[in-house]
Amino acid sequence: MCRLLFSGNGRTDRRLPNANKTMDRDCGRGQIGRAVPRELGTKHQEFPTVMSGNQEGQDGNNGERGGEEFVRDCLSKCRLLRGLLLIYLVYLVTLKMCRKIQWIGGELPLYCFSKAAQEYTSPSDKKEPQSLFLDRLLKEWEDRRLRGLFHHDITACETKILPGEYGFMVVLVEGRDLKKRPTEFGLDKVLQPFDGRKFNFTKIGQEEVLFRFEESENDVVQYVQHAPVMPSASPNVSPIAYGHVLLIPHVLDCMPQRIDRESFLLAMHMAREAKNSYFRVGYNSLGAFATINHLHFQAYYLTEPFPVEKAPFQRIATLGSGVKISQLLHYPVRGLVLEGGSSLQDLSTVVSSACIFLQDNNCPYNALISDSGKKIFLLPQWYAEKKAKGEVSQEILEKQVNPAIWELSGHFALKRRQDYEEASEGNLYSFLEMVSLSEERFEEMKGDILEFLASGSC
């Protein structure tokens, strides 16, 4: 199985959540966890937008661009191994995949991970182990930054942590709603067929590729700068934080946005491979604000704990595999926390089974893979349903906040300066409360999930 990485920009201060941090908690311009080098500016560098020609509406009239300016060559012209994953680094990194690559005899960088690698454990001395994966990804990202691929000035985004019990984080990304590709499908069904006529991850620019990401055949972790692309096999871009990436498994299969066990396990391996608790992987189902109906995960690098990660939870069940299931407490979004098991695969199997149950029953949800794959938050929601029924106020609609996994976790991208300046813990808490399932509906869904998992369906 094979994947590819894309690039954007930046170096990071990779520290664990309990490391000493300096942060500006007032309501002016600030930095979260000082994730950005000082030479890049005094504002928090967290939201550049990388646009490909296709996303800027430039996928027609190629002849007018001429010569080297059109070196972009759509990846659909190239032949890659089945399941190639592209990591596309914008300011948060973005992993993307390609269609068929006609590079007969061509080469691409290759990162191989080992499924047999020892589970990552946060060290007690606060010193983080080095990650070849994260180092290579950021190096390639910086290379793309120097090439001028960013659409926004990455030093211009303001961010702050709101005062209060939860520490909600907000970032100002003015105009993001104008640059982000609009959703091209209805929000009333979690499972919808793939439509190749609409935008999908086969339509990307060649220079956005960072490297392939695949399982090692001999359990050796390695990075190869020039790896041949096998001709016999066939294999985002509106960031809101540092290291935002998209992970797109099996791009050539053109699978719609729906979880399967193999792809979720791949996302778990990606979280583990970073060896960094600040690097999270997320998933949005259709109806829970995935905007592209082509199977993908997102990944995120932010040197602060998300508010949902700090919330208390209570154990409600332990499965035979050793996976522990808990319920979030004292957090505005009702949800489940899953952890434990004898292996990464045990935990991944249980979580993916719960996700499959939700999507098969048309229940929109978001999932956050946290703590290097050791803890997963499963957060069902019904905001799209309320919106369709006219139960969301015009004031909230005008803010254009779509509650996907990052928002439900406590990190908000705001598009208007007024909203950014007026943001408070109280109004964001109320917003998340509205997004969350009611207590009655959540209890019913929780019981159904537990019954499904206990039946041995996973």
Interchain or sequence-distant (5+) residues whose placed amide H lies within less than 5 Å of the amide H of LEU437 are ARG334, TRP382
Along the dipole axis of segment 406-458 (charges at Cβ: +1 for Lys and Arg, -1 for Asp and Glu; origin at the Cα centre), the most positive-end residue among PHE442, TYR429, SER409 is SER409
Whole-number value, in Å³ per residue, for the convex hull of the alpha carbons of segment 402-458 is 95 Å³
Ordering 421-430, 271-280, 133-142 by per-residue average of other C-beta atoms within 10 angstrom, highest first, gives 271-280, 133-142, 421-430
Once phi for every residue in segment 375-380 is put through the Karplus expression 6.51 cos²θ - 1.76 cosθ + 1.60 (θ = phi - 60°), the whole-Hz ³J(HN,Hα) values, with Gly and Pro written as x, are 9, 10, 9, 10, 10, x
Of the accessible area of segment 384-458, computed with a 1.4 Å probe and all protein chains kept, carbon and sulfur make up a percent value of 44 percent
Taking a label point 7 Å from the Cα of GLU395 along Cα-to-Cβ, the residues of segment 424-454 whose backbone nitrogen sits under 20 Å from it are 424-436
accessible surface per residue for segment 239-302, probe 1.4 Å, DNA/RNA/ligands not counted, whole Å² -> 14 Å²
In the structure shown, of LYS275/LYS446; LYS386/LYS446; LYS189/LYS446, the pairs separated by more than 24 angstrom at the C-alpha atoms are LYS275/LYS446
With every protein chain kept in place and a 1.4 Å probe, segment 332-458 has an accessible area per residue in Å² of 38 Å²
Checking rank on 162-172, 406-416, with mean other Cβ inside 10 Å and highest first, the result is 406-416, 162-172
Share of accessible surface on carbon and sulfur in segment 305-374, whole %, 1.4 Å probe and ligands ignored, is 46 percent
With SER438 itself left out, Lys, Arg at +1 and Asp, Glu at -1 over residues whose Cβ is under 11 Å from its Cβ give -2
Plugging the Cβ-Cβ distance of SER424 and ASN218 into 1/(1 + (r/R0)^6) at R0 = 51 Å yields, to the nearest 0.05, a FRET efficiency of 0.40
Residue separation between GLU174 and SER114 times 0.36 nm, minus their alpha-carbon distance, gives in nm 17.5 nm
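The values are calculated or read from the model by the stated rules, or taken from the named source; none is laboratory data. On a predicted model such as this, the values are computed, not experimentally measured, just so you know. So basically every Cβ, Gly included, is an ideal-geometry build from the backbone, and we count neighbours across all protein chains shown. Please note that ligands, DNA and RNA were not included when accessible areas were found on the heavy atoms of the full protein model with its side chains. Shrake-Rupley method; radii C 1.70, N 1.55, O 1.52, S 1.80 Å.
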